[in-house]
1. Taking H as built 1.01 Å from N, whose amide H comes closer than 5 Å to the amide H of Tyr62, not counting residues under 5 places away?
2. Going highest first, how would you order 112-124, 61-73, 142-154, 21-33 by mean Cβ packing within 10 Å?
3. Over segment 1-154, what is the relative contact order in whole percent, taking alpha-carbon pairs under 8 Å and six or more residues apart?
4. Take peptides 48-54, 99-105 and line them up by average Cβ neighbours within 10 Å, highest first, as a rough protection proxy.
5. Name the residues whose placed amide hydrogens come within less than 5 Å of the amide hydrogen of Gly128, ignoring near sequence neighbours (fewer than 5 apart) on the same chain.
6. Given the DSSP H assignment, sum -39500 (n - 2.57) over each helix run of at least 4 residues in the chain and divide by its residue total; what's the result at 222 nm in deg cm²/dmol, nearest 500?
7. Would you work out the charge dipole size for the chain about its Cα centre, treating the Cβ of every Lys and Arg as +1 and the Cβ of every Asp and Glu as -1, and quote it to the nearest 20 debye?
Amino acid sequence: MPGLRREELAQLAGVPAVLLDRRTSVLAWNPLGRALLAFHEPAPAVNLARLLFLDPRSRDLYRDWHTEACRAVASLRLVAGRNSGDRALAELIGDLCIRSADFAGIWAHHPIAECVTGRKFLHHPLVGDLDLDFEVLQSADGQRLITYMAAPESSTAAALRRLAAAA
C-alpha cells in the first residue's frame, strides 16, 4: 500500500474507499468515499477521528454513534500502544480528550481493539440509511485502506449508486 495514489483509489468505482495514516488523517480517497464520509467538509486536510468527535454533522451520520465512537477510540488506543513515540498521535489524543467529553470518557475505559472488518450503520443526508460492511487492509507503516461495501441489489447498493451520481 505505500505509494497508493488517488488515481488508484478512483478506480474503485462504486466502492467508497479511503486511505488513512495511523492517526486517522486522510491521505487520499475516491470521490464516493469523500461523498460518504465528509460530504460537508470543505477543508482538504481531514482527520476522521476529529470529524467523528468534534463535528455534529458527522455525529448525525452514524445511526449508532456510540458504537462507532467506541470502535474509533479502541483502534486509536491500539495504535498509540504500538507507536508510543509518535508525538503527533499523542497531540491528537490530547486534543480530543480536551475538546470532547465523549472521547475522554471512552478513552478512560481503556478499550483496545483492532477493527479490520465489521458493519457501519449510517444515515446520509442525501441518500438515507446505509448498512455497509467495511474491510481494512493495513500496511507495515500503519497506513490503512478502508473500503465500504453494500450487499448486491440491496437498498444500500441503490443508495450508493445515487450518491456516486451526485458526487
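Rule-based calculations on the coordinates, nothing more; no lab input. Keep in mind that what you see is a predicted model, and the values were worked out from it rather than measured. Positions of Cβ are backbone-derived with ideal geometry, glycine not excepted, and every protein chain shown enters the neighbour counts.
1. Here the answer is His123, since their amide H atoms fall under 5 Å of that of Tyr62.
2. My ranking of the peptides, most packed first, is 21-33, 61-73, 142-154, 112-124.
3. Relative contact order comes out at 26 percent.
4. Numbers: 48-54: 20.6, 99-105: 15.3.
Taking the mean over residues of other Cβ atoms within 10 Å, the ranking is 48-54, 99-105.
5. none
6. Details: 8 runs with 76 residues, N = 167.
Calculated at 222 nm, the ellipticity per residue is -13000 deg cm²/dmol.
7. Charge dipole, the chain, about its Cα centre: 180 debye, nearest 20.
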